[in-house]
Structure formats: structure tokens, C-alpha cells
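Asks: Shown below is the structure under consideration.
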Amino acid sequence: YACRTINNVIFFPHFHTGKTKKPDKDSATFISFIGNMDKRMKLDSKIKPEHGCHYYSALSMMASKASYENRAYIETIVKDHWKVYILRVFGLADYQEKATTQLFFMRDKSENHDTIVVAFRGTEPFDADAWCSDFDLSWYELQGMGKIHGGFMKALGLQKNVGWPMEYKANETRKEPLAYYFVRDKLKALLSESENTKYILTGHSLGGALAILFPSILFLHEEKLLLQRLEGVYTYGQPRVGDEKFGKYMECKLEEHKIRYFRIVYCNDMVPRLPYDDKDLLFKHFGTCVYYNRHYQGKVVAEIPNKNYFSPLSAIPMMINAICELIRSFTICYSKGAEYKEGWFLRVFRIIGLVTPGVSAHSTQDYVNSTRLGSSDVFLPSEETIP
């Protein structure tokens, strides 16, 4: 008899028979809370490597979605469905010396390209430590760079009373390595094997914040090899990570090193509108923002609509949009194909979105749909300006 597990919540549909079995959280068939919203495993075969940034965006989003799963599940879909190499899944330590930051490496290699993808996991709904990182709004200031979200810095590997030294010093009480230092050293080893290998960074939600903060420490440490080989950063539903000074610093450095950075936002997603961009909190977005509406029509914008979410003037339009998204969940499989069919679990969140618009819009389902159904033209301006 089957039982469905969503992280630590277990549902037994046949509990009355006495023949239930607790699922194995480490098995290749175990799906996380996030994974239950969108169970698609395969890449879109119509989007190919020669499509450039559009291909990397679609690949990055699927990698970001997979990063929420366990090691066995990720290895299965990457090897069996994507037909690319998986290098490993890692659980890494953070500021609190707990292994709460998870990521995985994979390698997309063919005759014409060789790209390593580093995908950072976002916030798991039942991970209290990850939520602490999200809600830690303390500032961490780097001289000459600006102020950065303290919680995200700690999740990346900020060391207590030390900050960001060039080299990582082992700690007897810390069983897992700190995220930044491990990823940096792993990439150095992989990139030294071939002059043609490049890499991209990606993540959804908190994972997106870590993906764009990783190069900021590379800039601090002047890691020339890693900066030369960084092909791009693709984030999805990413929250704000720093103040205006930090944003300007990052834009200048990304342009100097010819690193593409695409910050993808779907419709009324609440998370990219947090923490607030106001006179009290002072958080600011930066980089190229690709905004998709509920029809998955994308465009590059200077600022997303309703940038701080809780605007009274936007409440009614957001609720109307949430109603349309709920209706779309029942019809999209007929207009776009069976692979876009939404399950009951996501539809429950669509209903919650009627009361709190923007919650269901943060789902990986809408971001995968955006990368597949949206026009590739949104990536062209950046490709023309950065050779």
C-alpha cells in the first residue's frame, strides 16, 4: 500500500488496514514538499544548447527545482532523464555550524559545450534553520561593497568573529565544510581539468540569493580563474540581498567581468518583493530582471510591479489574478499539453493564493512554465551587449 510523504508530514491512505509502511526519505522515489507541487522530471527537448541563455535558463530552473530533493532522487533524474553527469549532492555547514545549506553539482557536456551547473537549494517549508536565515535582517557590511543581508551571508559560510578570510580554517566542532569555501575549492579543481569548461550558478528563492552572493565573495577575494569561467547567474523568485551601494557595486563588477546575471520573477510572487525596498529597510534589487505575467509573457523591466507587495492599490488586481491562476490550473493542460497539468497539491495552494496572493506564485511550477513557454527574446539584449 502506498503512502505519500511531504517532507516530515506522512499521509497514510490505508491506515485502517494496518498495512502501512513509512517511506524512506533517502530513496530515489521520495519527493519533497516542494517537489509535490511540480513532479516533472524531464527537460524540454525543444530548448537546445544552441539557444544560449534561453537553454541555460530552462536547465537552471530544473536544476533549482531538483536541488530540493535528496541525493538518490537527484542522481536518478539527472542521469536517467537529463542524460548529463552529476558530480555530487552536498549538505554544507552554515554560520551556526549546522549542515543546512544544500547544493549539487552537475556537468552538461557535449562536443560543443562543457558547463558545470551549481544549484543552491531554497528554503524548505519545515526547515527552521533555513527560515532563521530568511528572517535574519541584520546587515553585514563589506568595506567598499555595501551592506548585505546578514542571514544569507551566514548561510553562505560567513565565519563567526572572522568574516571572510581567504582560506577556511577547520573547526573541530563543525562536521561539514562551509558552503562558499567548499564550492570555491571544488570549482577550482574541476575547472583546472580543462580550459574550455565554464560554470553557471543558480537557485530558487533562498537558493537564488546564495547564487548571486557567491560571486560577491569571489570579487572580494579576487578569484580570477573562477570569475573568468563564470558564464552566468540565473535566479528564480530571489529575495533582495543588499542595499543600493551593494547593488551598484555588483552591477559594476558583473559588467567588468562580463558575467550575465538574470533575475527571473513570476507575476505576483511575494518573495522577490521582500525584504522591503523602503526608507526603513533599504534593500534594493539589481541586475537584469526578467518579469513574466500569468500568461508567461516575459519582458525585461527596471522594477517589478508592486515592488513591496503590500500596496493597498494592488490588493484587488492581485486577487483577480489569483482567481485567473486557479482557473488556469484546470485548463492549461488542454491549451499547452499534458506535461503542464497541475496536481491537487498545487491547486490547494492556488486556493490559498485567493486569500494571500503571491504565495502560490512562488511555486517552482510557474517558474518552470515561464522558462519553457516564455519567449527567448528577453535574453537577447544582454547577449548583444556582452560578447
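Asks: Give the carbon-plus-sulfur fraction of the accessible surface of region 253-387 in %, rounded to a whole number; probe 1.4 Å, heavy atoms of protein chains only.
Replies: Details: 4060 of 6460 Å².
Carbon and sulfur atoms account for 63 percent of the accessible area of region 253-387.
Asks: Given a Förster radius of 22 Å and the C-beta distance between LYS248 and MET166 as r, what FRET efficiency does 1/(1 + (r/R0)^6) yield to the nearest 0.05? Present the calculation step by step, with values, prior to reporting the outcome.
Replies: On the way: r = 25 Å, r/R0 = 1.13.
The formula returns an efficiency of 0.35 here.
Asks: If you don't mind, there's one more thing I want to ask. If I stretch the segment between ASP26 and VAL348 completely, what's the gain in nm (0.36 nm per residue apart, minus their alpha carbon distance), one decimal? The partial results should precede the final answer.
Replies: Values: separation 322, 0.36 × 322 = 115.92 nm, distance 2.64 nm.
Gain on stretching ASP26 to VAL348: 113.3 nm.
Asks: If you roll a 1.4 Å probe over the heavy atoms of the protein chains, what accessible area per residue do you get for region 33-379, in Å²? Before the final figure, lay out the partial values.
Replies: Numbers: 14740 Å² over 347 residues.
Computed with neighbouring chains in place, this is 42 Å² per residue.
Asks: Here's a follow-up. Between ASP280 and GLU303, 0.36 nm times their residue separation minus their Cα-Cα distance comes to what? All intermediate terms of the calculation are to be shown ahead of the outcome.
Replies: Details: separation 23, 0.36 × 23 = 8.28 nm, distance 1.89 nm.
Roughly 6.4 nm would be gained on extension.
Asks: Between TYR334 and ALA189, take the C-beta separation as r, use R0 = 45 Å, and let me know the FRET efficiency to the nearest 0.05. Don't skip to the answer; put the middle values down first.
Replies: Details: r = 49 Å, r/R0 = 1.08.
About 0.40, to the nearest 0.05.
Asks: Could you quote the convex hull projected area for region 251-387, Cα atoms only and averaged over all directions, in nm²? Please list the in-between numbers first.
Replies: Details: hull surface 37.8 nm².
That works out to 9.4 nm², a quarter of the Cα hull's surface.
Asks: Related question: Residue by residue through region 205-212, which ³J(HN,Hα) values in whole Hz follow from phi under the Karplus form 6.51 cos²θ - 1.76 cosθ + 1.60 (θ = phi - 60°), with glycine and proline marked x?
Replies: Here the 3J(HN,Hα) series is 6, 4, x, x, 4, 5, 5, 7 Hz.
Asks: Suppose each label sits 7 Å from its Cα in the direction of the beta carbon; what would the SER45-ALA72 distance come out to in nanometres?
Replies: 2.9
Asks: Take the cross-link list LYS160/LYS224; LYS48/LYS83; LYS46/LYS258 and give me the ones stretching past 19 Å between alpha-carbons. Don't skip to the end; give the middle numbers.
Replies: Details: LYS160/LYS224 26 Å; LYS48/LYS83 13 Å; LYS46/LYS258 28 Å.
Long pairs (Cα-Cα over 19 Å): LYS160/LYS224; LYS46/LYS258.
Asks: From the backbone phi of region 350-365, what are the Karplus-calculated ³J(HN,Hα) couplings (6.51 cos²θ - 1.76 cosθ + 1.60, θ = phi - 60°) in whole Hz, Gly and Pro given as x?
Replies: 4, 5, 4, x, 5, 8, 10, x, x, 6, 5, 5, 8, 5, 5, 4
Asks: Please give the residues of region 178-208, grouped as numeric ranges, whose backbone N is less than 12 Å from a label point set 7 Å along the Cα-to-Cβ vector of LYS109.
Replies: Under 12 Å, as judged by backbone N against the label point of LYS109, lie 190-198 of region 178-208.
Asks: Hey, with R₀ at 51 Å, roughly what FRET efficiency would THR356 and LYS79 work out to, going by the Cβ-Cβ distance, to 0.05?
Replies: On the way: r = 38 Å, r/R0 = 0.75.
With a Förster radius of 51 Å, E is 0.85.
Asks: Still on this structure: Please compute the alpha carbon radius of gyration of region 33-379, then divide it by the globular-protein estimate 2.2 N^0.38 Å. Two decimals is fine. The partial results should precede the final answer.
Replies: Numbers: Rg = 19.1 Å, N = 347, 2.2 N^0.38 = 20.3 Å.
Dividing the Cα radius of gyration by 2.2 N^0.38 Å gives 0.94.
The values are calculated or read from the model by the stated rules, or taken from the named source; none is laboratory data. Everything quoted here is computed from the prediction, not taken from an experiment. Note that we place each Cβ from the backbone using ideal geometry, even for glycine, and neighbour counts take in every protein chain shown. Note: accessible area is taken over every heavy atom of the protein model, side chains too, but ligands, DNA and RNA are not part of it. Shrake-Rupley method; radii C 1.70, N 1.55, O 1.52, S 1.80 Å.
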